[in-house]
Every structure is written in structure tokens, then in C-alpha cells.
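Student: Shown below is the structure under consideration.
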Amino acid sequence: MMKEIYQHFRKEEHEKITMLNGKFEIADRDYYPVLLDFLDPRERRIVESIAGSYPGLRVEFYGGGGRDRERRRAMIIPELLEVEKDDFEVLVYEIDYPEKFVTLNHRNVLGAVMNVGVDRSLIGDIVVGQRIQLAIARPYAPLFKQSLERIRNAPVTLNEIPHEAFMDAADDGKQADILSSSFRLDTIISEVINEGRSKSKTRVEKGKVKVNHSIVTEPSFIMETGDIISVRHFGRFRIDSLIAETRKGKYRLAVRLYRDG
């Protein structure tokens, strides 16, 4: 069964699949819920694929507040056991800062948060709108409160807020369909941001593109459903579906465009 799952994902993802499958084995063996870190949509797809091999287990996701969080923690739960939202160990914080004197965007906040020195998997959604809020894995909250003191040289304070006060994404994306001659990373970027493929190829080779939060420098890297692509100085987009091949041999893709990078 695992061999079939590997076939549906990239070689680069096989190590992650093996690790996640190990979490399912623990939940199955010990008959006890197993909590995972924050997962992006692509990682959740892997988890859901593995779950099909374990009929005695179910998976629930939670990222704080509403159901449409892009990043959510996963819980692998044996049948008949119940869990509460508090079991997901998600804390939500609002960042207070001198709004009159500085303007902060998503990139500023993400950069400062990552400078704390923890893995991206321990951080949930970051929402930058009328207020700035983010979700954090509970065990790391004290580290954030102690270390995250300034963003763009402005003093900041983290205050915990109830999950119900966690805002929806300020930029929930704009849906678009594109036509592409292939599923190559440089080709799809070229179509999405409307530039020549040689320029997109150079962007990738210079390390200015991330796929699922990791830098990819190979222009021929093949895109798949659920991938999140970040292009420096442009923003990011997610591949929602590979719709169909046209009569002219092109592929129609549904993508969601974001401005926050």
C-alpha cells in the first residue's frame, strides 16, 4: 500500500511520507492520538493519502479559529477516541506595534518570525490586515514572546487572544485559470506572472523561488496539485487543480493568486 502512495508523490517527498507514516504506526500501535506540526495543503494531502491505509484511525486538522486556515496542525486519532481543540496545542497571538510610525506587511512579519530560529512547521497562519495575528505551536510560545521584540526596528508585543478572535486571511486569494505547455516550474511561473520563460528560468536558478516553503533552483521541477509557489518581489500562488489538456496540447490549471508573498 505504501508503494502506491510513494508513486503518487515526488521522490523528494518520500522521506516525509516515511516519517508521517511512522506517526500513523505509533497511533495504531499505542491506540493514542498523535499530534503533528502545522502542515501546508500539500502536506495535508500526503497525510490524507496515508490515512487511507489505516481504517482504524482518522485525521482531524485545526489551525486556530475558522476551518479555512492554510496551515493547520493534524491529529491522528484512533477510532472511538475524542479530542478537544485544546489538544491541538495551538495558541493565537496578536502583535501590538506603533501603527502610526511603521507599516508592516506579511513579508516583514514572516521574516521576523523566522528569525526567532524555529522551524516553519511550528508556525501557523500569519494574518496581516487591520491587525496582525499569528498561530504558534504552544510549547514554543514562551520563546516567541521572549525573542520577538522588534519588526523593522519597531518594538512589538505579543498578546494571546481567543481563537474566535483569529481573523480570516486578509488576502484569501484570487482564482485564475492559466494555460501552460507543461507542468515545469519555470513555465508555470512565466504564465502566472506574465513574463518570458527565460526570465522565469533565471529567477528559479538564482534561488528566488520557493515551492512549499523550500527554495527550488531547478527550472524543470514538476508542479503538482496543492503546491504553493512563492516568487520574490511578486507574491505567491497555489495550484488548486490541473483541470484538463486542451486540443492544442496545453494544460489548463486553476491557481489561486496571493499578494502577500
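The values are calculated or read from the model by the stated rules, or taken from the named source; none is laboratory data. Given the structure is predicted, the values throughout are model-derived calculations rather than measurements. Note that we place each Cβ from the backbone using ideal geometry, even for glycine, and neighbour counts take in every protein chain shown.
Student: When you look at residue 101, is it without any contact (Cβ under 8 Å) to a residue 24 or more places away in the chain, over 18 Å from residue 227 (Cβ atoms) and among the aromatic types (Phe, Trp, Tyr), yes or no?
Tutor: Spelling it out, it is not the case that residue 101 is without any contact (Cβ under 8 Å) to a residue 24 or more places away in the chain, over 18 Å from residue 227 (Cβ atoms) and among the aromatic types (Phe, Trp, Tyr).
Student: Being outside the structural domain of residue 46 (by TED's automatic domain parsing), within 22 Å of residue 127 (Cβ to Cβ) and touching a helix residue (DSSP H, G or I) at 6+ places or on another chain (Cβ under 8 Å) narrows it down to one of 221, 237, so name that one.
Tutor: Checking each option against the conditions leaves just 237.
Student: Starting from region 145-163, keep only residues that are over 24 Å from residue 100 (Cβ atoms), then list their pairs with residues that are in a loop (DSSP other than H, G, I, E, B) whose Cβ atoms are within a distance under 8 Å, requiring at least 6 positions of separation or different chains.
Tutor: 147/116; 147/117; 163/64; 163/65
Student: Let me ask you something else. Taking only region 159-206 into account, find how many residues are over 17 Å from residue 237 (Cα atoms), assigned to a helix (DSSP H, G or I) and in contact with a strand residue (DSSP E or B) (Cβ under 6 Å, 6 or more places away or on another chain).
Tutor: 1
Student: Suppose the filter is among the aliphatic types (A, V, I, L, M) and in the same structural domain as residue 155 (by TED's automatic domain parsing); does residue 104 pass it?
Tutor: Judged against the criteria, residue 104 is a match.
Student: Same structure again: With the structure loaded, tell me whether residue 194 is within 16 Å of residue 256 (Cα to Cα), at pLDDT below 90 and in the same structural domain as residue 248 (by TED's automatic domain parsing) or whether it fails that test.
Tutor: No.
Student: Let me ask something else. Could you list, ordered by first residue, the pairs with Cβ atoms under 8 Å in which the first is in region 116-136 and not assigned by TED's automatic domain parsing to the domain that holds residue 99 and the second is modelled with pLDDT under 90, at least 6 apart or interchain?
Tutor: Listed by first residue and then by second, the contacts come to nothing, as the list is empty.
Student: Something else about it: What residue, among those in region 224-234 that are farther than 15 Å from residue 191 by Cβ and of a type outside the set (S, T, N, Q), is surrounded by the fewest Cβ atoms within 10 Å (Cβ to Cβ)? Lay out the reasoning, then the answer.
Tutor: Kept after step one, since they are farther than 15 Å from residue 191 by Cβ, are these residues of region 224-234: 224-226, 228, 230, 232-233.
Restricting the remaining residues to those that are of a type outside the set (S, T, N, Q) gives 224, 226, 228, 232-233.
Working: 224: 16, 226: 17, 228: 18, 232: 14, 233: 9.
Restricting to residues being farther than 15 Å from residue 191 by Cβ and of a type outside the set (S, T, N, Q), the top hit is 233.
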